[in-house]
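Enquirer: I'd like to ask you about the structure that follows.
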Amino acid sequence: MGDLRMAERQTGDVTILDLNGNISTGESSVAVRNAVRRLLDEGKRNILLNLAGVSYVDSNGIGALVSSFNTANKEDGQLKLLNLTQNLQQLLAITKLLTVFDCYDSEAEALSKF
């Protein structure tokens with residue numbers, strides 16, 4: 001997975017992916033898409049991406065997040081974002097994607113919204 005590490009954990013019916021590293025051009029953006037696709041294929045419909053450990057996201061990384069969000073929605077799933085870094089929050093604001101994603105600073109709050 002190159003410069004991105006993922007750890008998966010389950011809380012009730014929500015699968016949390018803890019991401020650490022960069023989501024950028026190449027393997028890491030594909031890895032995010034593939035992980036979400038795999039979870040959906042396994043019947044896991046509620047997915048929370050914990051981005052606290054993500055230090056960098058480029059346009060391909062944003063594309064991977066949007067693609068994963070759309071894939072989850074098409075399959076009656078939900079994908080929410082947790083712990084956006086300052087840079088990612090600004091990037092999503094500039095691209096008007098903050099209005100698309102459900103974003104949370106608290107894991108407990110995010111879990112309660114599924």
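Enquirer: So, LYS44, is that one of a type in the set (Lys, Arg), outside any helix (DSSP H, G or I) and touching a Gly at 6+ places or on another chain (Cβ under 9 Å) or not?
Expert: yes
Enquirer: Restricting attention to the range 62-98, and to residues there that are assigned to a helix (DSSP H, G or I) and among the hydroxyl-bearing types (Ser, Thr, Tyr), which single residue is farthest from GLY21 (Cα to Cα)?
Expert: Only one residue fits best here, namely THR71.
Enquirer: Check ASN83 against each of (1) within 12 Å of the chain's Cα centre (by Cα); (2) modelled with pLDDT of 95 or more; (3) surrounded by 14 or more Cβ atoms within 10 Å (Cβ to Cβ); (4) on the phi < 0 side of the Ramachandran plot and name the one condition it does not meet.
Expert: (4)
Enquirer: So which residues in the range 1-38 are closer than 15 Å to SER68 by Cα, assigned to a loop (DSSP other than H, G, I, E, B) and modelled with pLDDT of 95 or more, if there are any at all?
Expert: none
Enquirer: Separate question: Sort out which residues of the range 94-114 are surrounded by fewer than 12 Cβ atoms within 10 Å (Cβ to Cβ) and not acidic (Asp, Glu), and write them in order of number.
Expert: ILE94, LYS96, THR99, SER106, ALA108, SER112
Enquirer: Something else: For residues in the range 45-56 being within 25 Å of GLN10 (Cβ to Cβ) and free of Cβ contacts under 8 Å to residues at least 60 places away in the same chain, which is surrounded by the most Cβ atoms within 10 Å (Cβ to Cβ)?
Expert: LEU49
Enquirer: Of all the residues that make up the range 5-21, how many are of a type in the set (D, E, K, R), under 13 Å from GLU42 (Cβ atoms) and surrounded by 15 or more Cβ atoms within 10 Å (Cβ to Cβ)?
Expert: The total comes to 0.
Enquirer: Next question. Can you run down the residue pairs with Cβ atoms below 6 Å, 6 or more apart or on separate chains, where the first is in the range 1-26 and under 13 Å from LEU49 (Cβ atoms) and the partner is hydroxyl-bearing (Ser, Thr, Tyr) and outside any strand (DSSP E or B)?
Expert: That search, which allows pairs on different chains as well, returns LEU4/SER28; ILE23/SER29.
Yes/no matrix, rows are residues, columns are (1) among the small types (Gly, Ala, Ser); (2) in contact (Cβ under 8 Å) with a residue 24 or more places away in the chain:
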| site | (1), (2) |
| --- | --- |
| SER29 | yes, yes |
| ARG33 | no, yes |
| THR71 | no, yes |
| GLN78 | no, yes |
| LEU81 | no, yes |
| LEU91 | no, yes |
| LYS96 | no, no |
| VAL100 | no, yes |
| CYS103 | no, no |
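The values are calculated or read from the model by the stated rules, or taken from the named source; none is laboratory data. Worth saying up front: this structure is predicted, and the values here are computed from it rather than measured. Don't worry about glycine lacking a Cβ; one is built from the backbone with ideal geometry, like all the others, and counts go over all protein chains shown.
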